[in-house]
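The values are calculated or read from the model by the stated rules, or taken from the named source; none is laboratory data. Quick caveat: nothing in here was measured; it's all calculated off a predicted structure. All Cβ positions, even for glycine, are placed from backbone atoms using ideal geometry, and neighbour counts span all protein chains on display. Heavy atoms of the whole protein, side chains included, go into the accessibility calculation; ligands, DNA and RNA do not. Shrake-Rupley method; radii C 1.70, N 1.55, O 1.52, S 1.80 Å.
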Amino acid sequence: MRIGFVVALFMVAFVSCAVMPKELREERGKREITLKMVRKSLEIYRGSKVMWGGRIIRCENKKEGTLFEVLQLPLGVEGRPKDVDESQGRFLALYDGFLDCVIYCPGREITLVGEVRGLQRGKLGEMEYVY
């Protein structure tokens with residue numbers, strides 16, 4: 001799968017932390033833009049800042065930085081992904097730098113703030129999927 005992403009990740013934070021970092025508290029207003037809204041109307045939201053979270057499915061270190069595939073989960077009041085059986089799908093996020101994938105491993109919770117860049121077609125098993 002070629003590198004493409006829905007969110008250009010400029011901050012990875014709040015991974016298994018008890019207190020929401022100041023940077024994320026300041027971005028709480030960015031929660032109104034959902035993954036579902038971006039998929040439906042990309043051109044309206046391209047360039048918008050969003051705050052999304054979920055569980056890491058995959059972490060890969062690339063030339064461009066660290067690429068995450070994340071299962072979106074709704075965020076609670078404190079900014080942590082909720083432990084629920086509902087999701088709006090998966091998204092890709094690229095961190096401009098190196099993060100160790102042993103630390104940011106599959107199953108770990110993550111909350112991030114980033115900019116919507118575009119949609120990426122890829123494979124999810126044998127089916128086509130739009131990240």
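So, GLY114, is that one at pLDDT below 95 and assigned to a strand (DSSP E or B) or not?
The answer is yes for GLY114.
Every residue in the stretch 38-67 that is over 13 Å from the mean Cα position of the chain (by Cα) and more than 15 Å from LEU94 (Cα to Cα), please.
ARG39, LYS40, SER41, LEU42, GLU43, ILE44, TYR45, ARG46, SER48
Go through LYS49, LYS63 for me and flag whichever is open to solvent by 60 Å² or more (accessible area, probe 1.4 Å) and in contact (Cβ under 8 Å) with a residue 40 or more places away in the chain.
LYS49
If I filter the stretch 66-76 down to residues being part of a strand (DSSP E or B) and modelled with pLDDT of 95 or more, which single residue comes out as surrounded by the most Cβ atoms within 10 Å (Cβ to Cβ)?
Taking the candidates together, the pick is VAL70.
Among residues belonging to the stretch 77-131 that are aliphatic (A, V, I, L, M) and buried (at least 20 other Cβ atoms within 10 Å of the Cβ), point out the one that is farthest from CYS59 (Cα to Cα).
Out of the qualifying residues, it is VAL116.
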